[in-house]
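In what follows, a single structure is set out as structure tokens and then discussed.
Just so it is clear, none of the values below were taken in a lab; they were calculated from the coordinates. Remember, it's a predicted structure, so these values are computed and weren't measured experimentally. Cβ atoms come from the backbone with ideal geometry, glycine included; neighbour counts cover every protein chain shown.
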Amino acid sequence: MSSLEISSSCFNQETKLPLSLPLVEGSTFEAPGKDMNEVEEKSKDIIKFTPEKLSVDEASQLVISPLCGAISLFVGTTRNNFEGKKVISLEYEAYLPMAENEIRKICSDIRQKWPVKHIAVFHRLGLVPVTEASVIIAVSSAHRAASLEAVSYAIDALKARVPIWKKEIYEESSSSWKRNKECFWATSD
């Protein structure tokens, strides 16, 4: 059983983003008086949705473990172009109860496939300017192969299964909602 820590973020009604409580699940080290080699550390999954700028350092720090020799990261950023159009920002919306639940399932899937220790999945909501991160996934493991494979699986599964919508906002004052081609409910064009 893990403890639950909730921090609050509110969204402006005008942007049609839902009121959400980003979820952070996890636990702490046991027996702080023991030698580091004797510490039994519980695995943790950290899931965060926020309108605030994402921090690679924060995600990385949350998955550090003395039991692990590898931390793998995926950082998805807003690029400045799409199909010849100049993109100035992206806007993300999510159905948070289902999104959080799907990410928990992805974390569980990862733990069944690879021997990983900690997993952090951060996703930004609202406007994300060019070059800023919209998603950060960090995974720690004893060896690099497990964390590298887990991070790759996590971003592919997130894009396919998690109800997050992206709107590209173009320089010429137009915009377009995009679906992920990996998304299982998307129809072929």
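Work through the residues other than residue 88 whose Cβ is under 13 Å from its Cβ and net out their charges, Lys, Arg +1 and Asp, Glu -1.
Net charge in that neighbourhood comes out at -1.
What list of ³J(HN,Hα) couplings, whole Hz, do you get for region 73-90 from phi and the Karplus terms 6.51, -1.76, 1.60, once you set θ to phi - 60° and write x for glycine and proline?
Residue by residue, region 73-90 yields 10, 10, 10, x, 10, 7, 9, 8, 8, 7, 6, x, 9, 7, 8, 9, 5, 10 Hz.
Going by average Cβ density within 10 Å per residue, which order do the peptides 149-161, 133-145, 83-95 take, highest to lowest?
My ranking of the peptides, most packed first, is 133-145, 149-161, 83-95.
How high is the relative contact order of region 59-138, in percent, counting Cα pairs under 8 Å that sit 6 or more residues apart?
Rounded, it is 49 percent for region 59-138.
Between residue 171 and residue 105, what is the label-point separation in nm under the 7 Å Cα-to-beta-carbon projection?
It is 4.1 nm.
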